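> If you scroll down you'll find the structure; I have some questions about it.
The values are calculated or read from the model by the stated rules, or taken from the named source; none is laboratory data. This one's a predicted model, so the numbers in the text were calculated from it and none came from an experiment. Here the Cβ positions follow ideal geometry from the backbone for every residue, glycine too, while neighbour counts run over all protein chains shown. All accessible areas refer to the heavy atoms of the entire protein, side chains included, with ligands and DNA or RNA removed. Shrake-Rupley method; radii C 1.70, N 1.55, O 1.52, S 1.80 Å.
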Amino acid sequence: MDKFRMIFQFFQSNQESFMNGICGIMALASTQMYSAFDFNCPCLPHYNLAYGLGILLVPPFILFLLGFVLNNNISMLAEEWKRPQGQRGKDPAVLRYMFCSMAQRAMIAPAVWVAVTLLDGKCITCAFCTSVPVDTLGNASHPHLSQGEIQRVLARIPCKEIYNGQQLIANEVAVRYLRCISQALGWCFVLLMTTLAFLVRSLRPCFSQAAFLKSRYWSHYIDIERKLFDETCAEHARSFAKVCIQQFFEAMSTDLVAARCHLPRKAPADAGEAAEKLLGITDWGTMNMALKSWHRCKPPLHLHPPALPPGNGWAGEGQPPTHPSAPRRETAAYYSWV
Amino acid sequence: MDRFRMIFQYFQSSSESVMNGICGLLALASVKMYTSFDFSCPCLPQYNMAYGLGIMFVPPIILFLCGLILNRQSLVMLEEWRRPQGRRKKDLAVIRYMCSSIMQRAMVAPVVWIIVTLLDGKCLICAFSGSMDPEKFVGFANVSTVQVQQLLAKVPCKDDELMRNNTSSKAVARYLRCWSQALGWSILLILIIAAFLACWLRPCFNQATLLQARHWSNYIDIEQKIFEETCCEHSRLFAHKCILHFFESMRQEIKLHSCSLPGEGEGAEGEEDLLWGITDQDQVNKLLKKWYYEKPPLDVS
């Protein structure tokens with residue numbers, strides 16, 4: 001267990017930093033996604049708003065869900081939440097702690113996307129170009145265009161190549177205005193998020209430190225217990241498999257000996273350990289038989305007690321499963337090669 | 001205990017350096033943020049000042065808060081401040097020392113942002129171009145008041161069609177940039193002199209108190225780290241025991257139900273131990289089901 005202990009200590013001490021690392025990678029991935037994304041405003045009156053706000057709000061939602069999916073503690077939370085009470089009570093504070101810490105980490109990448117989008121300004125320019133105050137920034141009095149016409153002209157602001165409303169309002173003026181608003185919103189958003197994070201982190205020691213320590217301990221405990229249980233089961237499975245296979249080969253060797261009617265055993269003294277390990281399988285044909293039998297008729301998942309000669313029925317004889325007293329060495333065994 | 005000692009030495013020596021490292025990274029991040037940020041002055045009379053000064057002062061606040069959040073010691077300090085006295089007195093000098101060292105580190109990135117902003121000059125040009133006296137510049141001298149405000153507000157936008165070949169607007173921009181850079185360098189000089197004096201004059205005042213405060217603030221930090229490590233170690237051992245009890249109870253149950261031959265378990269090898277008497281697919285399934293439906297109580301006495 002010493003090796004496992006070292007591994008667990010590594011994971012425990014680094015679990016937080018591992019999760020923080022994933023968090024940071026997702027934030028970087030979100031900025032990279034944004035810069036790789038080819039923003040293409042439709043420049044049509046009703047589509048601009050939908051497109052702009054869609055690009056602003058849909059990817060963060062996806063990133064938020066992805067943050068939960070990539071967090072390997074989500075299955076632990078779900079398991080702890082849904083398990084029957086049994087002999088161990090459930091503490092809702094622990095569940096809340098686990099959920100909050102996961103949600104906080106999952107929120108970082110979406111917040112980065114929204115901040116980068118607002119600071120860049122293209123989305124807001126696209127979404128709200130039809131709401132630019134033409135009276136103050138441009139010549140509202142210039143050609144008397146109908147409302148619909150004005151909307152269509154303003155909708156082309158993000159697309160400089162096809163913009164034809166220079167007389168109505170200069171393209172650069174409108175873009176600068178919208179971008180200024182967008183960047184102001186972006187910085188305010190970042191300030192708000194940072195202030196919230198600061199408040200959450202600094203008010204906790206003032207109010208619920210003892211409860212926090214308790215929840216943190218038990219949530220780590222649940223995590224470690226799950227890992228240890230998996231490791232113990234893996235160890236058990238390994239031993240199970242080892243004994244099962246050993247019994248399989250022993251049964252095979254017993255049957256071979258019985259079938260060939262050799263002297264039951266060569267004297268082990270002159271054969272040595274290696275001969276014992278060969279379990280009576282000493283030629284190409286016999287080995288192939290063993291392999292075929294392993295494939296066609298695996299032994300049942302039922303280990304016999306070690307003191308008794310196994311009759312694992314791998315040959316499909318239909319014999320009764322266990323004979324606790326008599327070894328079968330004298331019987332001619334029938335086994336099918338099929 | 002040898003392993004623990006190595007871990008403690010590591011924490012002792014590098015707690016300060018970890019915090020200094022974070023401080024440096026934030027300063028670099030602030031420069032990178034400024035260079036990648038696309039400064040876009042609105043060039044409108046009512047908006048210029050708000051935008052310019054906003055870009056100069058809001059990100060430093062954000063960087064300051066980030067510096068506080070990312071610094072582990074701020075939590076330690078808050079806990080020490082808010083804890084009930086209990087059987088351990090609280091030393092305000094230690095808390096003050098921790099607070100001041102946290103604040104100093106958190107101030108580095110905002111100051112870097114402000115200095116970089118001033119040395120670059122765009123923010124000040126944007127904020128104060130509308131406040132210039134038009135009489136000083138030939139191109140704006142004989143223009144009506146309303147129009148002059150509009151024109152002055154467009155000075156930061158060099159590509160605007162009105163400003164492209166306007167020498168007076170370039171003169172205004174140069175003038176403001178000169179002031180901005182002078183201000184930036186002055187602030188930098190003052191801060192460096194202040195830091196220099198603080199380092200040199202500190203040993204003259206209360207050196208003993210300072211050494212004590214530093215020692216005990218390190219102590220509180222290490223104590224908390226060790227407490228967390230011990231809790232981790234304890235929860236691992238607790239879980240180990242709990243699972244052993246669970247498997248043992250399964251083994252007892254199987255022994256009771258199977259009425260197996262008496263001498264069976266006596267010659268048990270290592271494999272037998274590891275199998276816990278669970279040698280059957282059904283028994284394994286039963287164990288796994290029981291683990292889910294009826295976790296053992298948290299009691300290993």
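> Can you find, within the range B:92-136, the residue that is most open to solvent (accessible area, probe 1.4 Å) among those that are under 27 Å from B:MET19 (Cα atoms) and among the polar types (S, T, N, Q)?
Among residues in the range B:92-136 that are under 27 Å from B:MET19 (Cα atoms) and among the polar types (S, T, N, Q), the one most open to solvent (accessible area, probe 1.4 Å) is B:GLN104.
> If you don't mind, there's one more thing I want to ask. Take the range B:273-301 and flag every residue that is open to solvent by 80 Å² or more (accessible area, probe 1.4 Å) and among the aromatic types (Phe, Trp, Tyr).
Residue satisfying the conditions is B:TYR293 alone.
> Being facing chain B (nearest Cβ under 10 Å) and within 15 Å of A:ASN139 (Cβ to Cβ): is that true of A:ALA184 here? Talk me through it step by step, then tell me what you get.
Numbers: facing chain B (nearest Cβ under 10 Å): yes; within 15 Å of A:ASN139 (Cβ to Cβ): no.
Spelling it out, it is not the case that A:ALA184 is facing chain B (nearest Cβ under 10 Å) and within 15 Å of A:ASN139 (Cβ to Cβ).
> Name the one entry in A:ARG201, A:ARG176, A:ARG216, A:ARG238 that is without any contact (Cβ under 8 Å) to a residue 24 or more places away in the chain, under 29 Å from the mean Cα position of the chain (by Cα) and farther than 30 Å from B:TRP276 by Cα. Give the steps one after another, and end with the answer.
Working: A:ARG176 fails: under 29 Å from the mean Cα position of the chain (by Cα); A:ARG216 fails: without any contact (Cβ under 8 Å) to a residue 24 or more places away in the chain; A:ARG238 fails: farther than 30 Å from B:TRP276 by Cα.
Answer to the check: A:ARG201.
> Only one of these is open to solvent by 50 Å² or more (accessible area, probe 1.4 Å) and of a type in the set (S, T, N, Q): A:GLN167, A:GLN183. Name it.
On the way: A:GLN183 fails: open to solvent by 50 Å² or more (accessible area, probe 1.4 Å).
Result of the check over A:GLN167, A:GLN183: A:GLN167.
> Further question on the same structure: Considering only residues of the range B:137-161 that are open to solvent by 100 Å² or more (accessible area, probe 1.4 Å) and of a type in the set (A, V, I, L, M), which is nearest to the other protein chains (Cβ to nearest Cβ)? Break it down stepwise before answering.
Quick first cut of the range B:137-161, residues open to solvent by 100 Å² or more (accessible area, probe 1.4 Å) only: B:138, B:142, B:145-147, B:158-159, B:161.
Add one more test, that the residue is of a type in the set (A, V, I, L, M), and what stays is B:138, B:146.
Numbers: B:VAL138: 25, B:VAL146: 13 Å.
This residue is B:VAL146.
> Let me ask another. For the range B:249-271, name all the residues that are under 14 Å from A:SER239 (Cβ atoms) and either at pLDDT 75 or above or at the interface with another protein chain (Cβ under 7 Å from one of its Cβ atoms) (or both).
Filtering the range B:249-271 for residues under 14 Å from A:SER239 (Cβ atoms) gives B:251, B:268-271.
Result: B:ARG251, B:GLU271.
> Filter the range B:39-52 down to residues that are part of a loop (DSSP other than H, G, I, E, B) and within 7 Å of chain A (Cβ to nearest Cβ) and give me whichever is most open to solvent (accessible area, probe 1.4 Å).
B:TYR47
> Further question on the same structure: Is there a residue being open to solvent by less than 20 Å² (accessible area, probe 1.4 Å) and within 30 Å of A:VAL175 (Cβ to Cβ) anywhere in the range A:91-110?
Within the range A:91-110 (the criterion being open to solvent by less than 20 Å² (accessible area, probe 1.4 Å) and within 30 Å of A:VAL175 (Cβ to Cβ)), the answer is yes, since at least one residue qualifies.
> Which one is farthest from the chain's Cα centre (by Cα), of the residues in the range B:199-248 that are more than 14 Å from chain A (Cβ to nearest Cβ) and open to solvent by less than 50 Å² (accessible area, probe 1.4 Å)?
This residue is B:LEU210.
> Can you find a residue that is of a type in the set (A, V, I, L, M), in contact (Cβ under 8 Å) with a residue 60 or more places away in the chain and on the phi < 0 side of the Ramachandran plot anywhere in the range B:82-97? Even if it seems obvious, please write down each step before you answer.
Our first condition is that a residue be of a type in the set (A, V, I, L, M); within the range B:82-97, this holds for B:92-95.
Now drop any that are not in contact (Cβ under 8 Å) with a residue 60 or more places away in the chain, which leaves B:93-94.
Of the ones still in play, those that are also on the phi < 0 side of the Ramachandran plot are B:93-94.
Looking for residues that are of a type in the set (A, V, I, L, M), in contact (Cβ under 8 Å) with a residue 60 or more places away in the chain and on the phi < 0 side of the Ramachandran plot, one finds at least one in the range B:82-97, hence yes.
> Now for a different question. Quick check on the range A:80-94: of everything there that is part of a loop (DSSP other than H, G, I, E, B) and touching a helix residue (DSSP H, G or I) at 6+ places or on another chain (Cβ under 9 Å), which residue is nearest to the other protein chains (Cβ to nearest Cβ)?
Kept after step one, since they are part of a loop (DSSP other than H, G, I, E, B), are these residues of the range A:80-94: A:83-91.
Filter once more, keeping what is touching a helix residue (DSSP H, G or I) at 6+ places or on another chain (Cβ under 9 Å): A:83-84, A:86, A:90-91.
Values: A:ARG83: 6, A:PRO84: 5, A:GLY86: 4, A:LYS90: 10, A:ASP91: 10 Å.
Per the stated criteria, the residue is A:GLY86.
> Quick one: which of A:ILE150, A:ILE124, A:ILE157 is closer than 30 Å to B:THR35 by Cα and away from chain B (no Cβ under 14 Å)?
Residue meeting the stated conditions: A:ILE157.
> While we're looking at this one, here's another question. Is it the case that some residue within the range B:17-36 is aromatic (Phe, Trp, Tyr) and outside any helix (DSSP H, G or I)? Spell out the reasoning first.
Taking the range B:17-36 and keeping what is aromatic (Phe, Trp, Tyr), we get B:34.
The next check asks that each one be outside any helix (DSSP H, G or I); those that pass are none.
Scanning the range B:17-36, I find no residue that is aromatic (Phe, Trp, Tyr) and outside any helix (DSSP H, G or I), so the answer is no.
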